[in-house]
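The values are calculated or read from the model by the stated rules, or taken from the named source; none is laboratory data. Computed from a predicted model, the values in this text were never measured in an experiment. No Cβ is skipped: glycine too gets one built from the backbone with ideal geometry, and neighbour counts run over all protein chains shown. Remember, those area values only see protein heavy atoms, side chains included, never the ligands or the DNA or RNA. Shrake-Rupley method; radii C 1.70, N 1.55, O 1.52, S 1.80 Å.
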Amino acid sequence: MPIKVVVRKGSYFDSVSLMSLSTKANQLEGITQAVVAMGTEMNKGVLRNVGLFVPEIDRAGSGDLLIVVAAPTEARCDTAVIEIEALFEQRQSKARGAGDARYATLESAVRHVPQANLVIISVPGEHAAREARKAIESDLHVMLFSDNMSIDDEISLKQVAHANGLLVMGPDCGTAILGGIGLCFANKVRRGDVGIVAASGTGSQEVSVRVHGLGGGISQLIGTGGRDLSEKVGGVMMIDAMRALGADPATAVIVLVSKPPAKSVERKVLAEIEACRKPVVVCFLGGSQDAVIQAGGHFARTTSEAALKAMQLSGKHEEVAPQEPLDAALIETVRGGLGSGQKFIRGLLCGGTICDELMLIAREKYANVYSNIAKDPEHRLQDINQSREHTFIDFGDDEFTRGRPHPMIDPSLRIERLLREAADPSVGVIVMDFILGFGAHEDPVGVTLAAILQARQIAAEGGRHLEILAYVLGTGEDRPPRHEQIGKLVAAGVRIADSCTHAGLLARSFVAKEARS
Amino acid sequence: MHSVFDKAINIGDARGELFTLASRGVGNGPNTLVVDGMGFGATDIAAGDAVNGDGRALDVGSRLTVLLANAQTWVGAVLIYPGSDDPVPANVEYLRGILDQHGRPGGMVEEGGRTGDFARVVTALLKDRAALLVDALQRADFHGAGRHARSMIGLGPGLTPSGDDFLVGLLAVLHVADHPCRAWLVPVAAAIAQAGTSTNDISFAALSMAAVGRVREAITALVGDVMHGTRQGVAEAAHRVLAIGSTSGTDVVTGVLAAFESLVSIGSIPGLAFKSSARR
């Protein structure tokens, strides 16, 4: 009987693969037997004993793989060998991974993708600086998704990057849109001529979707990381990003989004605004407008206002559309449904800037506003798990995300809190954000719906109506699309706000116990 | 770089000793560094890549850097043979039942149904030679035992041939401190020392380590549970070993059982006799 042998020199396959390949080889049509085994003397001895030995087998050593095929004809032997070799190749390709290539080191990736000019780094913070340094040395821009990097490392990296004309976005930078491509957490928005520089993830997302909603688009969205505007870091990346957008032909208007910078940094930013030839909208939440206006910038109190002004300045709106008055009838209806004791707002938020903006709007009317991220110690919650009067919780803050995924990915902590707040008879309205887009949960509303219904049930059993107000941050092009998520919330009896700003204004109006504000 | 698999890569030094980087889930073992996260199958690492290290990091062909700062040393448990045989006889019987029910055929365990001549003959040879080895050990025929042990090395299917895995299991038990038959180590270890190129580098590395009492943590745990543990402990430990490779785990368990069951010859565990694996 014809026998063919293939000796794969120094060829190591794991035992599971060898067994699988041997089984498949023996199932091939029209062969008598196939043996797949290491070329040890003992195995060769067995091949001799069972009549499957041919001289070529002696070429194999113990570290070589033997494929021996016996078939009724030479021709079938030849084709069977080809088929079995193909099985081996398939196995190896599967092990290497189909589709995109993966590179285990930065150096390897740089070598294989020479056209790349940006690295996204997401490794534990203590190692991120090392990788970022390697990237800058390779003349690459850096987006640092990693957090827990020392401020000294951040300063050092940004200084080197600045000297080399490179951007270091971060650390703790989760959002960017460059060349129309969303990076990490970002929304699918139209390309346009509004450029954003932000030390704020969800704040920049909110401005980008507001601009999209107004018919505009985004040229670039550059994140700087939350500490960039601190005194120590000095706003290096915000300034460099503003200059980059100033030189970018696709950008007509620049929008800055952040908490108010340190005083020394604010002076630098204002000087840059003055020097910039393009209009700059400044949305420093909680900041003051005078200095911005004096520098020739355009101050926006809220993210909605920032988007509106950007559209006006880019010529898309002839005038700033007056802020739509709140729906008075709606407000009366909701107030009428709440008991006299239901006085407080509880904001349960995934986005830090969203939490900030809602807090700001509430604080314009109420003094007793507390949060886990309040800068003022008097309004900072002593126990982040215990709400107090008007409370706004940022579940994305470090204290909630240590060792846990971000609430945009894992909503379980927020859901637990929702049910606790629902049982509090002093709560009139609960405000929640649902953030869509790349990197977010595949169905943020769906995964929370049961808890929303349960929360309303808990309140109902206590003889109360509980108003749940939601804001869905996203566009119709995100997956899932915004309208689909809104539809689910409406079906569950949830009130919908059109923007973060709108949510803040509605929430504070719902619980007001005097005449309409 | 000696060889690359999805869950492990092997590095050979100038003396030919192998060291393994394993992804989590493979478990601790001799000369093995367990690394966080990824498997290796989709990396660019290839046999022949240079590997350099400075104590702080291991650089593999400039394709992978392993940071060693937080590495923790694993020390295998030292097992001591129980003073009293309880619960050993019952646990050995129980382990035999697990092997009969869950052992994977193709190596030491016969394959049922349609099977080729090679597979059938290999299994028959493995069982015969294992029985001859144990018989020789029981009769203190160390010369014969060495010969039969040598005849098992390199025999059988798999990356680590079944005969090699059987010997690893056998050695794991014989190395237990205060084992009444520790002298049986001598001919088996000598056979391995003379094995030379009788088997491939990877299997030889495992055999060499087993010859000096160093085996994977899962195997040590099984031996420990048979000597001192509960039925549930034995079952859990057995399934962890059975899950190794394709037939490797089964072949190791067969070796473990052979060592325990052969103690009947010196009356250490009355009531047991070495049995070949049941036909499936």
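For the pair residue B:177 and residue A:232, how long in nm is the line joining their label points, each one 7 Å along Cα→Cβ?
The modelled label-to-label distance comes out at 5.1 nm.
Could you bin all the Cα-Cα distances of the stretch B:12-147 into 5 Å bins starting at 0 and give me the percent of pairs in each, rounded to whole numbers?
Cα pair-distance distribution for the stretch B:12-147, in percent: 2, 7, 9, 11, 11, 12, 13, 12, 12, 8, 1.
For chain A, with all protein chains present and a 1.4 Å probe, just round the carbon and sulfur fraction of the accessible area to a whole percent.
51 percent
Assign one of three labels to the stretch A:374-517, namely rounded, prolate or oblate, based on the Cα gyration tensor with a ≥ b ≥ c the square roots of its eigenvalues; rounded applies when a/c is under 1.5, prolate when it is not and a/b is larger than b/c, and oblate otherwise.
Note, shape of the stretch A:374-517 comes out rounded.
Can you tell me the orientation of helix A:482-491 relative to chain A, as the angle in degrees between its alpha-carbon axis and the longest Cα principal axis, to the nearest 10?
Helix A:482-491 and the main axis of chain A meet at about 70 degrees.
Averaged over B:196-206, how many beta carbons belonging to a partner chain fall within 10 Å of each residue's beta carbon?
Going residue by residue through B:196-206 and averaging, the value is 4.
Based on the Cβ-Cβ distance from residue A:112 to residue B:84, what FRET efficiency comes out when R0 is 51 Å, to the nearest 0.05?
Efficiency for this residue pair is about 0.25.
Compute the FRET efficiency between residue A:289 and residue B:33 as 1/(1 + (r/R0)^6), taking r as their Cβ-Cβ distance and R0 = 51 Å, and round to the nearest 0.05.
According to the calculation, E is roughly 0.30.
By per-residue mean of other Cβ atoms within 10 Å, what is the highest-first order of B:233-245, A:220-232, A:113-125? Provide the component values of the computation, followed by the final result.
Working: B:233-245: 19.6, A:220-232: 23.1, A:113-125: 13.8.
Sorting B:233-245, A:220-232, A:113-125 by mean packing, highest first, produces A:220-232, B:233-245, A:113-125.
Enumerate the amide H contacts of residue A:470 below 5 Å, restricted to partners 5 or more residues apart or on another chain; note that Pro and chain-start residues carry no placed amide H.
A:432, A:495, A:496, A:497
Full-extension gain between residue B:232 and residue B:56, please, as 0.36 nm times their residue separation minus the C-alpha to C-alpha distance.
59.3 nm is the gain from fully extending residue B:232 to residue B:56.
On each of the three principal axes of the Cα atoms of the stretch B:188-244, give max minus min coordinate, whole Å, ordered largest first.
40, 20, 13
Just the number, please: percent antiparallel of the DSSP beta bridges in the protein assembly as shown, rounded to the nearest 5.
Bridges in the protein assembly as shown that DSSP calls antiparallel: roughly 40 percent.
Once the cut-off is 15 Å, how many percent of the Cα-Cα pairs in the stretch A:129-183 end up in the long-distance tail?
That fraction is 42 percent.
Can you give the net charge of the other residues whose Cβ lies under 13 Å from the Cβ of residue A:262, counting K and R as +1 and D and E as -1?
Summing Lys/Arg as +1 and Asp/Glu as -1 gives +4.
In the neighborhood of residue A:2, defined by Cβ-to-Cβ distances under 14 Å, what is the net charge if each Lys or Arg adds +1 and each Asp or Glu adds -1?
-1
Which far-off residues, 5 or more places away or on another chain, put their amide H under 5 Å from the one on residue A:255, with H placed in the peptide plane?
A:195, A:196, A:197, A:281
Could you order the peptides B:15-27, B:149-161, A:195-207 from most to least packed, using the average number of other C-beta atoms within 10 Å per residue?
Per-residue mean Cβ counts within 10 Å order the peptides as A:195-207, B:149-161, B:15-27.
Under the definition of Cα pairs under 8 Å and six or more residues apart, what whole-number percent is the relative contact order of chain A?
10 percent
Per residue of B:52-61, count partner chain C-beta atoms within 10 Å of its C-beta, then hand back the mean as an integer.
Mean partner-chain Cβ count within 10 Å for B:52-61: 1.
Out of the trypsin sites (Lys or Arg not before Pro) in the stretch B:55-137, which ones are loop residues according to DSSP with at most 10 other C-beta atoms within 10 Å?
B:56, B:114
Using Cα pairs closer than 8 Å and at least 6 residues apart in sequence, work out the relative contact order for the stretch B:127-192, in percent.
32 percent
Given the pairs A:134/A:232; A:158/A:316; A:263/A:316; A:9/B:7; A:309/A:488; A:232/A:365, which are separated by over 30 angstrom at their Cα positions?
A:158/A:316; A:263/A:316; A:309/A:488; A:232/A:365
For residue A:459, what is the net charge nearby, where nearby means another residue's Cβ is under 15 Å from its Cβ and Lys, Arg count +1, Asp, Glu -1? It would help to have the intermediate numbers written out before the result.
Working: positive: A:343, A:346, A:417, A:420, A:456, A:464, A:495; negative: A:421, A:424, A:461, A:467.
Once all neighbours under 15 Å are counted, the net charge is +3.
What number do you get for the stretch A:61-186 when its Cα radius of gyration is normalised by 2.2 N^0.38 Å, N = residues?
Working it through for the stretch A:61-186, the quotient is 1.70.
Need the full-extension length gain, residue A:380 to residue A:420, defined as separation in residues times 0.36 nm minus the C-alpha distance. One decimal, nm. Intermediate results must be reported in sequence, preceding the final value.
On the way: separation 40, 0.36 × 40 = 14.40 nm, distance 1.97 nm.
Gain on extension, residue A:380 to residue A:420, equals 12.4 nm.
Could you tell me what a quarter of the Cα convex hull surface of chain A works out to, in nm² with one decimal place? Numbers along the way, then the final one.
Details: hull surface 129.0 nm².
Mean shadow area of the hull around the Cα atoms is 32.3 nm².
Below 12 Å, Cα to Cα, which aspartates and glutamates can residue A:375 reach? Residues fewer than 8 away in the same chain don't count.
A:356
What number, in nm² with one decimal, is the all-direction average of the projected area of the convex hull of the alpha-carbon atoms of the stretch A:240-343?
So the Cα hull casts an average projection of 9.3 nm².
Can you give the angle from 0 to 90° between the axis of helix B:201-211 and the longest principal axis of chain B, with both taken from C-alpha atoms, to the nearest 10?
Tilt of helix B:201-211: around 50 degrees.
Pull out the extension gain between residue B:7 and residue B:128, defined as 0.36 nm times the separation in residues minus the alpha carbon to alpha carbon distance; nm, one decimal.
Answer, rounded to one decimal: 40.2 nm.
Applying a 10 Å radius around every beta-carbon, put A:40-48, A:278-286, A:374-382 in order of their mean neighbour count, most first.
Put in order of decreasing packing, that is A:278-286, A:40-48, A:374-382.
Rounded to the nearest 20 debye, what is the charge dipole size of chain B about its Cα centre when +1 sits on each Lys and Arg Cβ and -1 on each Asp and Glu Cβ?
420 debye
Could you report chain A's accessible area per residue, 1.4 Å probe, as an integer in Å²?
Averaged over the residues of chain A, the accessible area is 42 Å².
Along the stretch A:420-436, what does the Karplus equation 6.51 cos²θ - 1.76 cosθ + 1.60 (θ = phi - 60°) give for ³J(HN,Hα), rounded to whole Hz, x for Gly and Pro?
Calculated HN-Hα couplings, in order: 5, 5, 5, 7, 7, x, 8, 8, x, 9, 10, 10, 9, 9, 10, 9, 9 Hz.
Need one number: buried accessible surface between chains B and A, 1.4 Å probe, both sides summed, DNA, RNA and ligands left out, in Å² to 100.
The contact between A and B buries close to 3000 Å².
Would you rank A:290, A:248 by solvent-accessible area, highest first, keeping every protein chain in place and using a 1.4 Å probe?
Accessible-area ranking of A:290, A:248, largest first: A:290, A:248.
Would you mind working out the magnitude of the charge dipole of the protein assembly as shown relative to its Cα centre, with +1 at each Lys and Arg C-beta and -1 at each Asp and Glu C-beta, to the nearest 20 Debye?
Details: 77 positive and 90 negative charges, 117 e Å.
The dipole magnitude comes to about 560 debye.
For helix A:328-337, what angle does its Cα long axis make with the longest principal axis of chain A, in degrees from 0 to 90 and rounded to 10?
Value to nearest ten degrees: 80.
Determine Rg/Rh for the stretch A:267-400; Rg is computed over alpha-carbon atoms and Rh is the Kirkwood hydrodynamic estimate from the same atoms.
My calculation of the ratio gives 1.05.
Would you work out which of A:373, A:405, A:235 lies farthest towards the positive end of the dipole of chain A? Charges go on Cβ: Lys and Arg +1, Asp and Glu -1.
A:405
In terms of the Cα gyration tensor, with a ≥ b ≥ c the square roots of its eigenvalues, is the stretch A:1-78 rounded because a/c is under 1.5, prolate because a/b exceeds b/c, or oblate?
Working: a/c = 1.81, a/b = 1.20, b/c = 1.51.
It comes out oblate by the Cα gyration axes.
State, as an integer percentage, the relative contact order of the stretch B:56-145 based on alpha-carbon contacts under 8 Å between residues 6 or more apart.
Values: 40 pairs, mean separation 11.1, N = 90.
Reported relative contact order: 12 percent.
Can you give the average number of partner chain beta-carbon atoms within 10 Å of each beta-carbon in peptide A:41-53, as a whole number?
Mean shielding by partner chains, rounded to a whole number: 5.
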